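Take a look at the structure set out below.
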Amino acid sequence: MTDPAAPVVEMRGISIEFPGVKALDGVDFRMFPGEVHSLMGENGAGKSTLIKALTGVYGIDGGTISLEGTHVAFGGPAQAQAAGISTVYQEVNLLPNLSVAENIMLGREPRRFGAIDWRAMRRRSAALLQGLNLDIDPGSLLGDHSLAVQQLIAIARAIDVNAKVLILDEPTSSLDSDEVAELFRVIRSLKEQGVAILFVSHFLDQVYEICDRLTVLRNGKLVGEYLVEELLRIDLVQKMIGKELTALDDLEQRARSVVVDESDAATFVHASKLGRRGGIQPADLPIAAGEVVGLAGLLGSGRTEFARLLGGIDRADTGELAILGRVTRLRTPRQAISHRIAFSSENRRDEGIVGDLTVRDNIVLALQADRGWFRPIPKKRQDELTQSYIQALNIRPANPDALVRNLSGGNQQKVLLARWLAIAPRLLILDEPTRGIDIGAKAEIQKLVFTLAENGMSVLFISAELEEVLRLSHRVVVLRDRRVVADLENDGLTVDALLALIADGSVEADDTLLAASVVASDAAPPAASAPLAPTDHAPGGRA
Amino acid sequence: MTNLLDAPERPKRPSRGGGAADRGIGPGSGNRPDAAGGSRVARIGSGIRSLLTSPKYGPVIVTAVLFVAVFVIGGVRYRGFFSGQVFLNLLVDNSYLIVLAVGMTFVILTGGIDLSVGAVVALSGMIAASLLQTGWSPAVVIPLILVLTSVLGLLVGLMIHVFKVQPFIATLAAMFLARGLCYVISQNSISITDPTFVQLAIARIPLGGNLSITPSVIIAVAVVAVAVWVLHATRFGRTVYAIGGGEQSGLLMGLPVARTKVLVYVISGFCSGLAGVLFTFYTLSGYPLTAVGTELDAIAAVVIGGTLLTGGYGFVLGSVLGVLVLGVIQTIITFEGTLSSWWTKIFIGALLLVFIILQKVLTARRR
Ligand SMILES: Nc1ncnc2c1ncn2[C@@H]1O[C@H](COP(=O)(O)OP(=O)(O)OP(=O)(O)O)[C@@H](O)[C@H]1O
Ligand SMILES: [Mg+2]
């Protein structure tokens, strides 16, 4: 394992206070060369704040920081970078108006005779992208890529420098398992070169796979530092939340046992041949009231694009959408909302929260917009709503007047969810709703989704985490290469079976279990060259 | 966690937003599935489409087409319009505005605005006129003006950066300050009789074939060339774009955001001073009330030239095109003869409106 001699980073007694919140309270933290270290804790525990303290984004109110034995106090990320600390902050912090190559190289562009050497820059960034197995044109605009690709580009930027310390704050929150594998390969090789790597993630599997040591924070205080191999998961969770967690197991039982009663479950929405050029090929999708439908597929398989059509964010150019049997054209999200269809975007920072508004304003935003601005929601009602969601989702700090931009990433996500739940939707479209959310809160949210579905709300659920899709969904729709390739009852489906289907659609891949449960396999020929025949859902689907 | 690496024929990861990735490398390279089977014409069509709807190139291309169209219309309607000298006169008459627009482009690219430029043009005219009157040498006066206006820009930049004053407010204050200083220098017009200035005002540089330009044009062209180079090929220039794309992100990426933001106003101040000098070559006088509203002409030129007011997208050459569009409209109105010069303003207003709507429509198409 690691050389116990000298830590490369050592932070002692770090305290940071924001108005009203003690974000860090006397935290000690250290990292050794050649180790992968994880910072663990619930949403709002102070992980990102500790990282920002180390890299000079925030000044510290107390404590000392040393790098390779010498005291440092960085005035900003630029200085930290110069000293050999390379950081990918939480949320993608790149520039959508510049090319991918520039986003990777900005600030250290190769130059010839004082001018930027664009050819060399492209070449170098292409090589870096290749190293992450990312097949995109370095000359393309960053803003044209999905959040996951952007996340990878941010990582490429960070690993390009010869850093002593590499910090990755929730780098895998939007990534699929194969991208994660790619990232881990890179992390391992950097580790071999003696780089100290800080890896923050809410996925315990990932932490246990890649990390050597971990530090647990709770409410801004240090709980302890542990060797990963000596700490059982159950103990880790207990240290993080300070109590035992049983909710997840409960849920599993419940999900399997709930069956949509099809006799009185009216179809709420029915998409027929709904499609959009360059987004998703025409596809059918009925969703019954009270049904949870999961969308599974690789990055760029069209899952978000499909959801955006149903949510009225993008306009479909083929096919039609029937809501309660009536054909309806959704041109704007507003129209969708008036039909009680809510779309919660995966990109919470740019398409979700309004950072400069308070928690309360963010939560009542959609409801108020739907009522019209001339009928303000009474203050008392606003407070009730806000309080109830703060409690239900455990939003921290539990202060309705806090600015959302000052909340931790996971808590921002909870506020966004609360906004859509507040309009009491009949169809709730959730694109990566649990991105960056800690396991305790994740269980709460999943439970909530379930309760709402039992009360008749339909849910379209997208997640890169297949376990989660399987846990929650009654039905799983699989997409590949921008078309729907299967529509399966979630009845004995396994992650492996789903993965096989997502990857190449060959049903005879391995599982006999799968063969039995693929209902639409005949409609999706393995060759996948012919356009998809209409999925005849109703008769076989519920068998 | 299951590893997909060993799965046979793992599908290549496509980027989202079909065909987006091939933007910027020209038509014909589109490899989106719906274009793959189509003919070459269709492919070029979609290439043009994606170029037009790109927030980066779309507006500039539209402006270029517009400029050519207006020029052709003028050529068809009026005799003698379609000549090289008419085009060159656009440069001669607007060289100061080109320089102003260059400075403004830097500012707007960062998402800021500079309302002081018109007043600074007047101020540098006043300084020049009054100092030359008392017998100072132009070799001292011109550099002095450039230094003073750059310092004014520096103060504005510091105000914006250190005290977090909105650029709109900070430059508005600078505008009043500069205009006020004009009156402190003199209430009346001061004419310039300095031989060097007079020489520069009447000098013509022949280009052969009855064509000629003024020294001002050469200065303006040089400024444009330097600006293009700085914005395209230096780290400073790329940081200007970065700030427009997202100041917070730029900061977290470790870019010198503070320095760049302040420098941009220094550049705008410098350009205003230089434009003021060019303007006095043109008018041979200093008058406290000149160039009122010129800042708005400069902003209009930059916006028509395709620079987004929110920053991050745009080119200096686009702004030059914007100035030329404004100039050609003015020329047409002069050729028309019967129209009062106020029509220029009305046309520019209408054009600006049409243009901004067009930008919106084009970029909305992408979604
Ligand atoms: N700029 C700020 N102003 C005020 N409070 C802040 C600010 N930044 C963070 N906080 C508060 O500090 C606490 C710690 O936040 P931090 O972002 O470090 O959490 P985290 O552990 O990274 O959580 P997550 O897992 O959700 O990302 C939170 O209560 C947050 O609201
Ligand atoms: Mg965080």
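What follows is calculated from the coordinates using simple rules that are stated; it is not laboratory data. Keep in mind that what you see is a predicted model, and the values were worked out from it rather than measured. Cβ coordinates were reconstructed from backbone atoms using ideal geometry, including for glycine residues, and neighbour counts include every protein chain displayed.
Label-to-label distance, A:Ala120 versus B:Ser191, with points set 7 angstrom from Cα along the beta-carbon direction: 5.8 nm. Cross-link partners of B:Lys56 among lysines, defined as those whose alpha carbon lies under 22 angstrom from its own and excluding same-chain residues fewer than eight positions apart: B:Lys261, B:Lys360. Taking the Cα centre of chain A as origin and assigning +1 to Lys and Arg Cβ atoms and -1 to Asp and Glu Cβ atoms, the resulting dipole is close to 2120 debye. With the simple spin-label model, which puts each label point 7 Å out from Cα in the Cβ direction, the B:His232 to A:Asp317 separation comes to 3.3 nm. For the protein assembly as shown, a simple Cβ point-charge model (Lys and Arg +1, Asp and Glu -1, everything else neutral) yields a dipole of about 3420 debye relative to the Cα centre. Only alpha carbons enter this Debye calculation for region A:350-418, each as an equal point scatterer, and the log10 of I(q)/I(0) it gives at q = 0.17, 0.25, 0.27 Å⁻¹ is -0.54, -1.12, -1.27. Taking every C-alpha pair closer than 8 Å and separated by at least 6 residues, the mean separation divided by the residue count of region B:264-345 gives a relative contact order of 17 percent. Pairwise alpha-carbon distances in region B:81-366 exceed 32 Å for 25% of all pairs.
Rounding to the nearest 20 debye, state how big the charge dipole of region A:277-371 is about its Cα centre with +1 on each Lys and Arg Cβ and -1 on each Asp and Glu Cβ.
Computed about the Cα centre, the dipole is about 240 debye.
With the simple model of a label 7 Å out from the Cα in the direction of the Cβ, B:Thr334 to A:Asp350 spans 4.5 nm.
Inter-chain neighbour count for A:109-118: the average number of beta-carbon atoms from partner chains within 10 Å of each residue's beta-carbon is 3. Placing unit charges on the Cβ atoms of the charged side chains and taking the dipole of the protein assembly as shown about its Cα centre, the candidate lying farthest along the positive direction among B:Tyr78, B:Leu109, A:Gln368 is B:Tyr78.
Going by Cα centres, region A:392-438 and region A:141-177 are how many Å apart? Region A:392-438 and region A:141-177 have Cα centres spaced 24 Å from each other.
For region A:9-247, lysine pairs with C-alpha atoms less than 23 angstrom apart, excluding pairs fewer than eight positions apart on the same chain, total 16.
Under the Kirkwood approximation for Rh and a Cα-based Rg, what ratio Rg/Rh is obtained for chain A?
0.97
Shown in residue order for region B:310-323 are the 3J(HN,Hα) couplings computed by the Karplus curve 6.51 cos²θ - 1.76 cosθ + 1.60 at θ = phi - 60°: 7, x, x, 10, x, 9, 4, 5, x, 5, 4, 4, x, 4 Hz (x for Gly and Pro). The helix-only estimate of mean residue ellipticity at 222 nm for chain A, built from DSSP H runs of length n ≥ 4 each weighted as -39500 (n - 2.57), is -10500 deg cm²/dmol after division by the residue total.
Would you please give the FRET efficiency between A:Asp491 and A:Arg233, computed as 1/(1 + (r/R0)^6) with r the Cβ-Cβ distance and R0 = 25 Å, to the nearest 0.05? Efficiency at R0 = 25 Å is approximately 0.30.
Tell me whether the protein assembly as shown comes out rounded, prolate or oblate; compute the Cα gyration tensor, take square roots of the eigenvalues as a ≥ b ≥ c, and use a/c under 1.5 as the rounded threshold. The shape class here is prolate. Relative to one another, the C-alpha centroids of region B:166-200 and region A:52-66 are positioned 48 Å apart.
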